[in-house]
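Read the structure below first, then the notes.
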Amino acid sequence: MNISDIPQKELLPGIKARFVHTENNTIGFIELDANALLPEHAHIHEQTTQVLEGQLELTIDGVVQVLNPGMLVTIPSNTIHSAKALSFCKVTDVFSPVREDYK
C-alpha cells in the first residue's frame, strides 16, 4: 500500500490526514500547515504521536512540550490535549481502539 493512494481528509483548517484502520488500531498520517491549531479535546482512545517532520507544540493535561522530528509521546485515554504546528509538520498518530469517527 502506498500512503499517497489513501484518500486525504481535511480534519480542520490546515490539518489534513490519511487513515489506515486495522482490527484494533487506527493509524493517521497527518499534515499540519504552520500555525494550524487542534483545539483542546479528549477521547476514549489511547494515542501515540510521533513527529516525522517539523515542530509541534503539544499540550497534554496542561503540560506544554515541543516535539521535534523523531520524538514521540503517548496520550492516555480521556486526557485533555491540544496541538499547534510551529512549522509545517508531518506526524503519525496511532489510536487504540479504532477511531470509528475517522472511517
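Scanning the range 89-97 turns up no residue that is buried (at least 18 other Cβ atoms within 10 Å of the Cβ), part of a loop (DSSP other than H, G, I, E, B) and not β-branched (Val, Ile, Thr). Among the residues of the range 16-34, those that are under 11 Å from the mean Cα position of the chain (by Cα) and either over 17 Å from Val94 (Cβ atoms) or of a type in the set (Lys, Arg) (or both) comprise Lys16, Arg18.
Restricted to the range 1-78, the set of strands (runs of 3 or more DSSP E) holding at least 1 residues that are out of contact with any Pro (no Cβ under 6 Å at 6 or more places or on another chain), loosely packed, with under 12 Cβ neighbours inside 10 Å and charged (D, E, K, R) comprises 9-12, 37-41. The single residue among Thr49, Thr26, Thr79, Thr22 that is in contact (Cβ under 8 Å) with a residue 12 or more places away in the chain and touching a helix residue (DSSP H, G or I) at 6+ places or on another chain (Cβ under 9 Å) turns out to be Thr26. Per the listing Glu46, Glu57, the residue uniquely among the acidic types (Asp, Glu) and out of contact with any Leu (no Cβ under 7 Å at 6 or more places or on another chain) is Glu46. Inspection of the range 34-49 identifies no residue that is of a type outside the set (A, V, I, L, M, F, W, C) and at pLDDT below 95.
The values are calculated or read from the model by the stated rules, or taken from the named source; none is laboratory data. What you are looking at is a predicted structure, and each value in this text was computed from that prediction instead of being measured. Positions of Cβ are generated from backbone atoms using ideal geometry, with glycine treated the same way; all protein chains shown enter the neighbour counts.
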